[in-house]
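**Student:** Sending over a structure as structure tokens; questions will come in a sec.
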Amino acid sequence: MLTIPSAIPIEIELECGTCGHRQAYQIPTPICPKCGSEWMDARYDYERVRRLWPDILQQRPFTMWRYRELLPLHNDEYQITMGEGGTPLLRTHNLSMMLGTPNLFIKDERQNPTNSFKDRQAALVISMLKEAGVTEMAVASTGNVAISYSAYSSHAGLKLWTFLPSLVPSEKMREIAIYGSEVVKVTSTYDETKKVAARFAKHKDILIDRGIRDIGTRESMKTLAIEVAEQLAAELGPPQPGIPWRTPDWYIQSVSGGLGPAGFWKGYQELYQMGMVNKLPKLALIQASGCAPMVHSYNKGLSEAEPVTNPNTRVITIATGAPGLAYSYLYKVIQQHGGIFEEVTDEETFRALHVLAKMEGLSMEAAAAAAFAGLFKLLSKGIIQRHETVVINCSGHTFPVEKYLLEEDWLKVVPPESEAPVIDTVAGIITSSSQKPASEDLLGALEQLDTHVRRIAVIEDNPEAARLLRRILQTRGEFQIDEAHTGKAGLKLIQRTRPDLILLDMMMPDMDGFAVLDQMKSDESLKDVPVIVITAKELTKEESRRLQGQIQMLLQKGSFMDDELLEGIKALLGEEKGG
């Protein structure tokens, strides 16, 4: 077991989120004796923590327990930890160039012990229960919570009963069973599964996990916010003198019950109260269209969520039809401080999952990919500005959903004794399976290129942008790709290779894109080669006029994912095929 330097004792109180009544801290979390509310918040001696942290944090490793003074555990001997938290904050590279978002960061929660940000919750809640003498409990889950709780319950010697709806992938159920937990599959929705678990716990007289209504769940998730604040300051520098840590303009997460962003918000509230950051973030909370009670209720101006009784989504992890208390809390936060609830389709989600895997090397589960699909939509709508600093929660793994991503021909089988050389055999298999169904994104659109488009010239003076274009093409075909980084070199390249398609930058040293196009127009062998212009320059009316009739499409750098752009690509490719 990892050990973390002991915490300095800090006084903790409970405050009712409804009426403000304060009382002594205790576990399990009681309801408010004044108004009966189930939403109780832990409050700390923030001034003392602010004074202590500069010296204390230098001595501690980068895990969630680094911030022990703001966690509700009295005695460190009950701490159950497997190194959770302290996950990387990754600055995107290819995705940022595609979207024109230079300050786009991914909080990589896949790096937790069971690959989920729910490990933060399990670590703290199980530690608190061990301190309270609890030896057996039940939990309802769509998968990740049950996996995390199972791992940490095993570590702590706590008996766990897990209740899961039937749509949870069998792979996840088997993983839960491996940890020694009891697995009960309920042949109904997640909301009904929660009711079954509650009845079981009452009958057996054991503790039931109450999700967001338990203090430990929200307190654990605020560690994610504190880490982000510290990591962003390391990446971008402090926002001003005397303010050591930093706040993103936007925090994006897919949600079902809303526990994660509720905890994230509390973390930044506390940091702001302590003077560690200078502002609060806006929340962008993403749901699946087939089960989006928060989005629909928000759009109707309702402060309480209307439940969805029949979820219709393959993203089962976030298919909670009745979010309960969390929605009302988050609704108030967004009303007062800005932000948005947004929905995305399953198709948009799986497309985003594929893009992140192909373009950034990040494989995640569909629930996390929904957040990225939300980012694409909110950027295209102009709700999130491209210059703003954005942090996205990335969690989970892809094994339950890879069947939605890979075509039947994803595996190329080569016979052991082929008459043709192996490389020719593989190439033949790839060529014969090159016709794939249409997709609605840029990568999918490139799949629809005519089979005769095999050689592509990329003329781009920015090597990183050229590398991005090369990567996009590589993910969608066996193209021969040639590059040049100046106008003159590009012209010589296309005169020599006679490519089937040209991707052309307009602003280049020694010869700009206009001059390259003029030279091509005067060459009978090149004048009909299709050209896609990719430029960061805002063209004048005169420049736009010069391009008319010479190019097939104009793409603006930093907007590769916009719906208007994608529709334009599909239309172009359709015309090419028709001709």
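The values are calculated or read from the model by the stated rules, or taken from the named source; none is laboratory data. These numbers come from a predicted model, not from an experiment. Note that we place each Cβ from the backbone using ideal geometry, even for glycine, and neighbour counts take in every protein chain shown.
**Student:** Here are Phe341, Phe372: which of them is touching a helix residue (DSSP H, G or I) at 6+ places or on another chain (Cβ under 7 Å) and assigned to a helix (DSSP H, G or I)?
**Tutor:** On the way: Phe341 fails: assigned to a helix (DSSP H, G or I).
Sole residue among the options that is touching a helix residue (DSSP H, G or I) at 6+ places or on another chain (Cβ under 7 Å) and assigned to a helix (DSSP H, G or I): Phe372.
**Student:** Could I ask something else about it? Return only the number of the condition from (1) within 28 Å of Gln26 (Cα to Cα); (2) free of Cβ contacts under 8 Å to residues at least 60 places away in the same chain; (3) of a type outside the set (A, V, I, L, M) that Ser170 does not satisfy.
**Tutor:** Among (1) within 28 Å of Gln26 (Cα to Cα); (2) free of Cβ contacts under 8 Å to residues at least 60 places away in the same chain; (3) of a type outside the set (A, V, I, L, M), Ser170 violates only (1).
**Student:** Can you say whether Ser154 is touching a strand residue (DSSP E or B) at 6+ places or on another chain (Cβ under 9 Å), surrounded by fewer than 24 Cβ atoms within 10 Å (Cβ to Cβ) and not assigned by TED's automatic domain parsing to the domain that holds Asn312, as far as the supplied structure shows?
**Tutor:** Spelling it out, Ser154 is indeed touching a strand residue (DSSP E or B) at 6+ places or on another chain (Cβ under 9 Å), surrounded by fewer than 24 Cβ atoms within 10 Å (Cβ to Cβ) and not assigned by TED's automatic domain parsing to the domain that holds Asn312.
Conditions (1) buried (at least 18 other Cβ atoms within 10 Å of the Cβ); (2) of a type in the set (Ser, Thr, Tyr); (3) under 20 Å from Ser166 (Cβ atoms), marked per residue:
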| site | (1), (2), (3) |
| --- | --- |
| Ser188 | no, yes, yes |
| Thr193 | yes, yes, yes |
| Asp205 | no, no, no |
| Ala225 | yes, no, no |
| Leu236 | no, no, no |
| Pro241 | no, no, no |
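**Student:** Here is a further query. Might you let me know whether the stretch 93-106 holds any residue that is in contact with a helix residue (DSSP H, G or I) (Cβ under 9 Å, 6 or more places away or on another chain), at pLDDT 95 or above and either among the acidic types (Asp, Glu) or over 25 Å from Gln231 (Cα atoms) (or both)?
**Tutor:** Within the stretch 93-106, not a single residue is in contact with a helix residue (DSSP H, G or I) (Cβ under 9 Å, 6 or more places away or on another chain), at pLDDT 95 or above and either among the acidic types (Asp, Glu) or over 25 Å from Gln231 (Cα atoms) (or both).
**Student:** So, Gln335, is that one without any contact (Cβ under 8 Å) to a residue 12 or more places away in the chain and either over 30 Å from Ala234 (Cα atoms) or in a helix (DSSP H, G or I) (or both) or not?
**Tutor:** Yes: the conditions hold for Gln335.
**Student:** Pairs needed: first member in the stretch 114-133, over 18 Å from Met173 (Cβ atoms) and surrounded by fewer than 24 Cβ atoms within 10 Å (Cβ to Cβ); second member anywhere, modelled with pLDDT under 95 and of a type in the set (Ser, Thr, Tyr); C-beta distance under 6 Å; at least 6 residues apart or different chains.
**Tutor:** The qualifying pairs are Lys130/Tyr78; Glu131/Tyr78.
**Student:** Can you name the residue in the stretch 256-267 that is part of a loop (DSSP other than H, G, I, E, B) and under 16 Å from the mean Cα position of the chain (by Cα) and, of all such residues, is surrounded by the fewest Cβ atoms within 10 Å (Cβ to Cβ)?
**Tutor:** Ser256
**Student:** Are any residues in the stretch 36-51 farther than 13 Å from Glu69 by Cβ and surrounded by 13 or more Cβ atoms within 10 Å (Cβ to Cβ), and if so, which ones?
**Tutor:** In the first step, residues of the stretch 36-51 are kept if they are farther than 13 Å from Glu69 by Cβ; the result is 36-41.
Result: Ser37, Glu38, Trp39, Met40, Asp41.
**Student:** May I ask you to list the residues in the stretch 22-43 that are in contact with a strand residue (DSSP E or B) (Cβ under 6 Å, 6 or more places away or on another chain) and either modelled with pLDDT of 90 or more or within 21 Å of Ile8 (Cβ to Cβ) (or both)?
**Tutor:** Once the filter is applied, which keeps residues that are in contact with a strand residue (DSSP E or B) (Cβ under 6 Å, 6 or more places away or on another chain) and either modelled with pLDDT of 90 or more or within 21 Å of Ile8 (Cβ to Cβ) (or both), the stretch 22-43 yields Arg22, Gln23, Tyr25, Cys32, Ser37, Met40, Asp41, Ala42, Arg43.
**Student:** For the stretch 376-390, state whether one or more residues are in contact (Cβ under 8 Å) with a residue 24 or more places away in the chain and over 27 Å from Pro88 (Cα atoms).
**Tutor:** Yes, because at least one residue in the stretch 376-390 is in contact (Cβ under 8 Å) with a residue 24 or more places away in the chain and over 27 Å from Pro88 (Cα atoms).
**Student:** Residue by residue through the stretch 523-544, note down the ones that are touching a residue at least 24 places away in the same chain (Cβ under 8 Å) and more than 26 Å from Leu468 (Cα to Cα).
**Tutor:** Asp523, Ser525
**Student:** Also, quick follow-up: Among the residues of the stretch 259-289, what is the count of those that are under 14 Å from Glu342 (Cβ atoms) and not basic (Lys, Arg)?
**Tutor:** Count: 8.
**Student:** How many residues are at positive phi and either polar (S, T, N, Q) or free of Cβ contacts under 8 Å to residues at least 24 places away in the same chain (or both) if we restrict to the stretch 338-364?
**Tutor:** The number of residues fulfilling the criteria is 1.
**Student:** Within the stretch 32-42, can you find the residues that are within 34 Å of the chain's Cα centre (by Cα) and not acidic (Asp, Glu)?
**Tutor:** Ser37, Trp39, Met40, Ala42
**Student:** Counting residues that are closer than 23 Å to Thr87 by Cβ and not hydroxyl-bearing (Ser, Thr, Tyr), which helices (runs of 4 or more DSSP H) fully inside the stretch 128-238 reach at least 3?
**Tutor:** The qualifying helices (runs of 4 or more DSSP H) are 144-156, 170-178, 215-236.
**Student:** I need the full set of residues from the stretch 526-565 which are exposed (fewer than 15 other Cβ atoms within 10 Å of the Cβ) and modelled with pLDDT under 75, in order please.
**Tutor:** Correct list: Asp563, Glu564.
**Student:** Take the residues in the stretch 287-332 that are hydrophobic (A, V, I, L, M, F, W, C) and assigned to a loop (DSSP other than H, G, I, E, B), then tell me which one is surrounded by the most Cβ atoms within 10 Å (Cβ to Cβ).
**Tutor:** Filtering first and then ranking leaves Val315.
**Student:** From Ile10, Ile56, Ile4, which residue is at pLDDT below 95, farther than 25 Å from Ser328 by Cβ and touching a strand residue (DSSP E or B) at 6+ places or on another chain (Cβ under 6 Å)?
**Tutor:** Ile10
**Student:** Further question on the same structure: Being touching a residue at least 60 places away in the same chain (Cβ under 8 Å) and closer than 19 Å to Ile126 by Cβ narrows it down to one of Ala177, Ala151, so name that one.
**Tutor:** Step by step, each of Ala177, Ala151 is checked, and only Ala151 is touching a residue at least 60 places away in the same chain (Cβ under 8 Å) and closer than 19 Å to Ile126 by Cβ.
**Student:** Shifting gears a bit: Only one of (1) under 23 Å from the mean Cα position of the chain (by Cα); (2) assigned to a helix (DSSP H, G or I); (3) surrounded by 18 or more Cβ atoms within 10 Å (Cβ to Cβ) fails for Gln253. Which number is that?
**Tutor:** Of the numbered conditions (1) under 23 Å from the mean Cα position of the chain (by Cα); (2) assigned to a helix (DSSP H, G or I); (3) surrounded by 18 or more Cβ atoms within 10 Å (Cβ to Cβ), the odd one out for Gln253 is (2).
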